[in-house]
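**Student:** Would you mind keeping the following structure in view while I ask a few things?
The values are calculated or read from the model by the stated rules, or taken from the named source; none is laboratory data. Predicted model, so just to flag it, every value in this text is computed and none were measured. Quick reminder, even Gly has a Cβ in these numbers, built from the backbone with ideal geometry, and neighbours come from all protein chains shown. Please note that ligands, DNA and RNA were not included when accessible areas were found on the heavy atoms of the full protein model with its side chains. Shrake-Rupley method; radii C 1.70, N 1.55, O 1.52, S 1.80 Å.
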Amino acid sequence: MSYIDSLAEKLARDVLLVQKETDDLNLVQEIGNVLEASSSKMHEAFMTAIRVYDSEARARKLLDVKIAAAAKAAGLNPND
């Protein structure tokens, strides 16, 4: 992983955390705009990290729903 990717990944994690805590749905776009104006490589690495984290979160949410449905169908409590 390059230095830029590492910085972008950390920034993306921090931005997503603050966005979640503050419900500021424009934060990713605002940070992205700042990065785009100053460094196209950093912007692209940041946006890629955002997409990766968002994709993983969506996939994990779907997986959790599927696991809960399978456990319910089997008569199990998925929280046990």
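**Student:** Could you go through the range 62-67 in sequence order and give the Karplus-derived ³J(HN,Hα) for each residue, using 6.51 cos²θ - 1.76 cosθ + 1.60 with θ = phi - 60°, rounded to whole Hz, and x for Gly and Pro?
**Tutor:** Working through the residues one at a time gives 5, 4, 4, 5, 5, 5 Hz.
**Student:** Still on this model: Sort the range 1-63 into rounded, prolate or oblate with this rule: let a ≥ b ≥ c be the square roots of the eigenvalues of the Cα gyration tensor; rounded if a/c is under 1.5, and if a/c is not under 1.5, prolate when a/b is larger than b/c, oblate otherwise.
**Tutor:** It comes out oblate by the Cα gyration axes.
**Student:** Just in the chain: which chymotrypsin sites (Phe, Trp or Tyr not before Pro) are loop by DSSP and have at most 14 other Cβ atoms within 10 Å? Display every interim value, and only then the final one.
**Tutor:** Values: sites: TYR3, PHE46, TYR53; in loops: none.
Those that pass, being in a loop and sparsely packed, number zero.
**Student:** Can you pull the one-decimal nm distance between simple spin-label points at LEU76 and GLN29, each 7 Å off the Cα toward Cβ?
**Tutor:** With each label point 7 Å from Cα toward Cβ, the separation is 4.3 nm.
**Student:** Rounded to the nearest 0.05, what FRET efficiency do LYS41 and ASP64 give with R0 = 41 Å and r taken as the Cβ-Cβ distance? Could you check? Mind dumping the intermediate values first?
**Tutor:** Numbers: r = 35 Å, r/R0 = 0.85.
Computed FRET efficiency for LYS41 and ASP64: 0.75.
**Student:** Also, I was wondering about something else. Assign unit charges at the C-beta atoms only (+1 for Lys and Arg, -1 for Asp and Glu), then state the dipole size of the chain relative to its Cα centre in Debye, rounded to the nearest 20.
**Tutor:** Working: 10 positive and 13 negative charges, 80 e Å.
The dipole magnitude comes to about 380 debye.
**Student:** Place +1 on the Cβ of every Lys and Arg and -1 on the Cβ of every Asp and Glu in the chain, take the dipole about the Cα centre, and give the residue among SER38, SER55, LEU11 whose Cα lies farthest towards its positive end.
**Tutor:** SER55
**Student:** What percentage of the solvent-accessible surface of the range 3-80, computed with a 1.4 Å probe over protein heavy atoms, is contributed by carbon and sulfur atoms? Show your work: numbers first, answer last.
**Tutor:** Working: 3460 of 5990 Å².
Answer for the range 3-80 is 58 percent, counting heavy atoms of protein chains only.
**Student:** Could you work out which residue, out of ALA59, ALA49, ALA12, moves most in a Gaussian network model of the chain, that is, has the largest mean-square fluctuation with Cα springs under 10 Å?
**Tutor:** In this elastic network of the chain, the residue with the biggest mean-square fluctuation among ALA59, ALA49, ALA12 is ALA59.
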